[in-house]
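S.K.: I have a structure here, written as C-alpha cells, and I will follow up with some questions on it.
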Amino acid sequence: MMRIALVSEYYYPHFGGVCEHVHFLARELRTRGHEVDIVTSRIGNAPDEPGVIKLGRSVPLYINGSQARVTLGVGRATLRKLFREREYDLIHVHTPLTPALPMFSVEAAEVPVVGTFHTNFDRSLLYSVFHRRMSRVAKRLDAAIAVSPTAAAAINRYFPLDCRIVPNGVDLASFHPGVAAPASMRDVNPYILFLGRLDPRNGLAELIRAFTIVSEQVPDARLIVVGDGPLRAHYQRAAEGNPAIRFEGAVKDARPAFYANATIYACPTTKASFGITLLEAMACGAPIVCSDIPGFGDVVRDGRDCLMVRASDAHSLANGLLRLLRDSALRLRLAESGLAGVQRYDWPRVTDAIVAIYEELLGGVAAEPLVAVP
C-alpha cells in the first residue's frame, strides 16, 4: 500500500479534464488498497467530502482562452506541514508549474514528486517572465508525465522534460451505450450534443452559427448544450431564443445519458491537449464531429473515429454535421470504431501505467508506461 497525495488546483465543483482525471485516478488507486488524499483548494461554499483536503481559497482567472483558477491563502510551510503529518510516500502534482498550490506543493515535498502536464498552449508569458524560478521547480520533479504528445510538446518549448506519455482515461463502467435518455432527449428528433465549459475556446459560438445553417436543411434537429460558465448568458443571447437550442446547465453523473442518446456529439474546441469528452462520447457510442486540432489528433483519426472539420469555421462545422445527419451508415461505422478504440483508455489500464511510475520511483523495477495514441 502507498500513501499518495494527488495535488490539483482543479477539483469539483469546477468541471474540466483535470478534475475528472484526478477524481477517477484517485478512485482507481483506492480500489487497489492505496491511501489517497486529493489536495486542492476551496471553491465558494462547496461542502467538504471524504478524502479531499481543501486549503486556501480558489479564485477564477481568465487566461489562455479559458477560465483558470489560482489558490490564495496557502504557502509552502502549510503544505510541508500537511505532507509531513500525513506521511505520504509520494506527491503527484497535476499542472505542477501552475501558481500557486501546485508549484508550492512541488517545492514543499520531501518525498518523490510526479508531475502531470495536461495543457496545450502556443506561448506562455508566465513561463517566459518567470523562467528561472519555474525551471527550478521543473527540475524538482522526479518524473514528468504528459497526457498526450501535444501536451508534452507544449511544455518542452520552455522546459526540457523527459515526459512519459500516459493519457487521460475514461470510466467504461459509467460511460457506455444504452443509458436511458434524459427528459430533454426523449423525442424522435435528431440531437446534436455540445458538452463542455461555456468559454470561448470550446467553440460554442461557432456551433450556434453552424446550427442555424443545419436547421435550414434539417428543421427537426435539436441542439442540446450541456455545461455552464460565466458566459452562459452571452451564449443564450447568441441563440436568440431559438426553441431548438436547449441549455441544460452543468451536469455530472448524467453525462453518459446525454452522450448515449445523441445523434452526433459536436466538439468544436479550438485548443486542447487531449479531449476527454471525445473518449466519453466514444464510450457511449456517439458519432463525433470535432475540430482538426493537434490535441484531438492524438486521440482520434478523421474518417475512422470521427469527422474532423476546420477549427473556428462555422460553415465547415455545419457541413460535417449535415453529412453525418444524412448518412446513418457513416454514423454507425464511426460509432463502432470509436467503441473499439476507446477500450485502450479504460481507467484500470491507465492507472497501471501510473502505478508503474510510482513503483519505479519508490524502488521497484523501471516502468514502461502506457502510450495510448491511435
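The values are calculated or read from the model by the stated rules, or taken from the named source; none is laboratory data. In this text, all values refer to a predicted model and were calculated from it rather than measured experimentally. Note that each Cβ is placed from the backbone with ideal geometry, even for glycine, and that neighbours are counted across all protein chains shown. Heavy atoms of the whole protein, side chains included, go into the accessibility calculation; ligands, DNA and RNA do not. Shrake-Rupley method; radii C 1.70, N 1.55, O 1.52, S 1.80 Å.
S.K.: For segment 257-287, give me each residue that is over 15 Å from Arg201 (Cβ atoms) and assigned to a helix (DSSP H, G or I).
M.R.: Ala257, Phe258, Tyr259, Ala260, Leu278, Leu279, Glu280, Ala281, Met282, Ala283
S.K.: Right, next: In this structure, does Val299 turn out to be under 29 Å from Phe211 (Cα atoms) and at pLDDT below 95? Don't jump to the end; show me each part of the working.
M.R.: On the way: under 29 Å from Phe211 (Cα atoms): yes; at pLDDT below 95: yes.
Yes, satisfied.
S.K.: May I ask you to list the residues in segment 199-238 that are over 20 Å from Ala318 (Cβ atoms) and touching a Gly at 6+ places or on another chain (Cβ under 7 Å)?
M.R.: Scanning segment 199-238 gives Asp199, Gly227, Asp228.
S.K.: Does Ile264 satisfy the condition of being more than 27 Å from Gly295 (Cα to Cα) and surrounded by 22 or more Cβ atoms within 10 Å (Cβ to Cβ)?
M.R.: Numbers: more than 27 Å from Gly295 (Cα to Cα): no; surrounded by 22 or more Cβ atoms within 10 Å (Cβ to Cβ): yes.
When the stated conditions are applied, Ile264 does not pass them.
S.K.: Could you grab the pairs with beta carbons closer than 6 Å, sequence gap of 6+ or different chains, first residue in segment 170-189 and at negative phi, second one in a loop (DSSP other than H, G, I, E, B) and surrounded by 16 or more Cβ atoms within 10 Å (Cβ to Cβ)?
M.R.: If the second residue must be in a loop (DSSP other than H, G, I, E, B) and surrounded by 16 or more Cβ atoms within 10 Å (Cβ to Cβ), the pairs left are Phe175/Cys284; Pro177/Cys284; Pro177/Gly285; Ala181/Asn261; Met185/Asn261.
S.K.: Residues of segment 212-242 being within 23 Å of Arg326 (Cβ to Cβ) and open to solvent by 20 Å² or more (accessible area, probe 1.4 Å), which ones?
M.R.: Initial filter on segment 212-242 (within 23 Å of Arg326 (Cβ to Cβ)): 212-225, 242.
Listed by number, the residues that qualify are Thr212, Ile213, Ser215, Glu216, Gln217, Val218, Pro219, Asp220, Arg222, Asn242.
S.K.: A further question on this structure: Does segment 13-26 hold any residues that are in contact (Cβ under 8 Å) with a residue 40 or more places away in the chain and either assigned to a helix (DSSP H, G or I) or open to solvent by less than 10 Å² (accessible area, probe 1.4 Å) (or both), and which are they?
M.R.: Those that are in contact (Cβ under 8 Å) with a residue 40 or more places away in the chain and either assigned to a helix (DSSP H, G or I) or open to solvent by less than 10 Å² (accessible area, probe 1.4 Å) (or both): Gly17, Val18, Glu20, His21, Val22, Phe24, Leu25.
S.K.: What number goes with the only condition from (1) open to solvent by 60 Å² or more (accessible area, probe 1.4 Å); (2) in contact with a strand residue (DSSP E or B) (Cβ under 6 Å, 6 or more places away or on another chain) that Pro160 does not pass?
M.R.: Unmet condition: (2).
S.K.: Also, I was wondering about something else. Condition first: at pLDDT below 95, touching an Asp or Glu at 6+ places or on another chain (Cβ under 8 Å) and within 18 Å of Val113 (Cβ to Cβ). Can you find one or more residues in segment 33-41 that meet it?
M.R.: Keep residues of segment 33-41 that are at pLDDT below 95, which gives 40-41.
If we keep only those that are touching an Asp or Glu at 6+ places or on another chain (Cβ under 8 Å) as well, we get 40-41.
From what's left, within 18 Å of Val113 (Cβ to Cβ): 40.
Scanning segment 33-41 turns up at least one residue that is at pLDDT below 95, touching an Asp or Glu at 6+ places or on another chain (Cβ under 8 Å) and within 18 Å of Val113 (Cβ to Cβ).
S.K.: Pick from segment 129-143 the residues that are touching a Phe, Trp or Tyr at 6+ places or on another chain (Cβ under 7 Å) and open to solvent by less than 10 Å² (accessible area, probe 1.4 Å): which of them is modelled with the highest pLDDT? It would help to see each step written out before you state the result.
M.R.: Of the residues in segment 129-143, the ones touching a Phe, Trp or Tyr at 6+ places or on another chain (Cβ under 7 Å) are 131, 134-135, 138.
Pick out the ones that are also open to solvent by less than 10 Å² (accessible area, probe 1.4 Å) and you get 134, 138.
Working: Met134: 92, Ala138: 96.
Among them, the one singled out is Ala138.
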